[in-house]
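So the structure is just underneath, and the comments pick up after that.
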Amino acid sequence: MSFVDFWTDKNNPSLPKSEYLYNLRHIIVLVLTALLCVSLTLIFRKRSKRAKDILFYVFGGIFLFFEITSRVVNLIIEESYTWQSVLKIILPMHICSVMVWVFIIAIFTKKQFLLNFSCIGGILATIAFLLYPAVGLNKVYMSFTCLYSTISHMLGFVCCILIMTLGYAKFEFKKIWQPLVCFAVMFCWGAILNFLIFPGSDYMYMVNDPLELGLPFPYQILYAGIILLYTTAFYLGYWLVQKVKNKKLEKASKWFK
């Protein structure tokens with residue numbers, strides 16, 4: 001693979017599923033992701049808030065580098081410049097791409113509702129890639145595009161786990177409406193893309209049922225219900241963890257009385 005091929009992803013044949021799905025390269029990605037989650041949690045869990053912030057700034061910088069560099073590369077190699085082709089390069093249109101920008105904004109603004117949403121939405125987006133890396137590990141060579149997809153999804157998942165394990169997530173039931181509003185805004189953006197900017201497209205799986213379930217009602221209702229239950233699980237888990245912690249503190253205080 002030449003230098004130009006690395007950046008343009010040309011002369012890089014696709015692999016059949018049997019050669020990349022849960023094969024050596026895929027397993028290495030899964031193991032590396034798990035090791036990063038565990039090791040970074042153990043290393044930083046007792047570090048200062050400043051040290052933890054720096055760690056997340058590093059993540060944010062990596063995300064920003066890949067997002068900007070990929071767009072610059074795609075603009076350079078684009079052969080037909082139209083307003084649609086340029087917008088398709090510049091705008092975040094897929095769930096994963098949108099979530100990367102949510103990560104970036106959440107990390108540098110430290111907004112609590114964005115940190116919560118980046119964790120909830122990020123796990124949903126990244127786990128799909130880790131279990132089925134259809135873009136990133138499906139080529140013979142690891143070009144820039146493949147590295148960008150693989151690294152961003154890996155670090156995205158790691159970032160989600162660290163937001164929870166390092167104490168940045170606060171899933172309080174009274175604020176459960178916040179991530180749901182964020183999901184609604186994200187899918188409104190998808191509707192704008194599908195019906196106004198690029199009519200006839202199907203970004204974020206909003207138009208055609210990707211699983212072809214054949215339901216007697218609009219499949220979007222089922223997906224909305226799943227998102228509601230999925231989001232609630234984070235808040236229920238957080239509530240249970242806090243309850244256990246409070247009980248332990250009560251026992252400890254009684255012991256010293």
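The values are calculated or read from the model by the stated rules, or taken from the named source; none is laboratory data. Worth saying up front: this structure is predicted, and the values here are computed from it rather than measured. Glycine gets a Cβ as well: all are built from the backbone with ideal geometry, and neighbour counts include every protein chain shown. Side chains are part of the model used for accessible areas, which takes the heavy atoms of the whole protein and leaves out ligands, DNA and RNA. Shrake-Rupley method; radii C 1.70, N 1.55, O 1.52, S 1.80 Å.
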Which members of segment 18-52 meet the condition of being of a type in the set (Lys, Arg) and either part of a loop (DSSP other than H, G, I, E, B) or free of Cβ contacts under 8 Å to residues at least 40 places away in the same chain (or both)?
ARG45, LYS46, ARG47, LYS49, ARG50
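So if I check each of LEU215, LEU196, which one is loosely packed, with under 13 Cβ neighbours inside 10 Å, closer than 28 Å to TRP83 by Cα and either touching a residue at least 40 places away in the same chain (Cβ under 8 Å) or over 22 Å from the mean Cα position of the chain (by Cα) (or both)? Let's see the steps before the verdict.
On the way: LEU215 fails: closer than 28 Å to TRP83 by Cα.
Exactly one residue qualifies, and that residue is LEU196.
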Any pair with Cβ under 8 angstrom, 6 or more apart, that starts in segment 82-97 at a residue that is in contact (Cβ under 8 Å) with a residue 40 or more places away in the chain and surrounded by 15 or more Cβ atoms within 10 Å (Cβ to Cβ) and ends at one that is assigned to a helix (DSSP H, G or I) and polar (S, T, N, Q)
CYS96/THR126; CYS96/SER152
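Between MET164, MET142, which is in contact (Cβ under 8 Å) with a residue 12 or more places away in the chain and either surrounded by fewer than 21 Cβ atoms within 10 Å (Cβ to Cβ) or of a type outside the set (Val, Ile, Thr) (or both)?
Values: MET142 fails: in contact (Cβ under 8 Å) with a residue 12 or more places away in the chain.
On inspection, the qualifying residue turns out to be MET164.
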Here the residues within segment 53-69 that are touching a residue at least 40 places away in the same chain (Cβ under 8 Å), open to solvent by 10 Å² or more (accessible area, probe 1.4 Å) and either touching a Phe, Trp or Tyr at 6+ places or on another chain (Cβ under 6 Å) or among the aliphatic types (A, V, I, L, M) (or both) are LEU55, ILE62, LEU64, PHE66
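Quick check on this structure: which one of VAL207, VAL185 is open to solvent by less than 70 Å² (accessible area, probe 1.4 Å) and among the β-branched types (Val, Ile, Thr)?
Values: VAL185 fails: open to solvent by less than 70 Å² (accessible area, probe 1.4 Å).
Residue meeting the stated conditions: VAL207.
Let's see how each residue does on (1) hydrophobic (A, V, I, L, M, F, W, C); (2) closer than 19 Å to ALA34 by Cβ; (3) touching a Gly at 6+ places or on another chain (Cβ under 8 Å):
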{"site": "PHE117", "(1), (2), (3)": "yes, no, no"}
{"site": "TYR132", "(1), (2), (3)": "no, yes, no"}
{"site": "MET142", "(1), (2), (3)": "yes, no, no"}
{"site": "SER152", "(1), (2), (3)": "no, yes, no"}
{"site": "VAL158", "(1), (2), (3)": "yes, yes, no"}
{"site": "LYS175", "(1), (2), (3)": "no, no, no"}
{"site": "CYS182", "(1), (2), (3)": "yes, no, yes"}
{"site": "GLY200", "(1), (2), (3)": "no, no, no"}
Of the residues SER253, SER201, which is modelled with pLDDT of 85 or more and out of contact with any Phe, Trp or Tyr (no Cβ under 6 Å at 6 or more places or on another chain)?
SER201
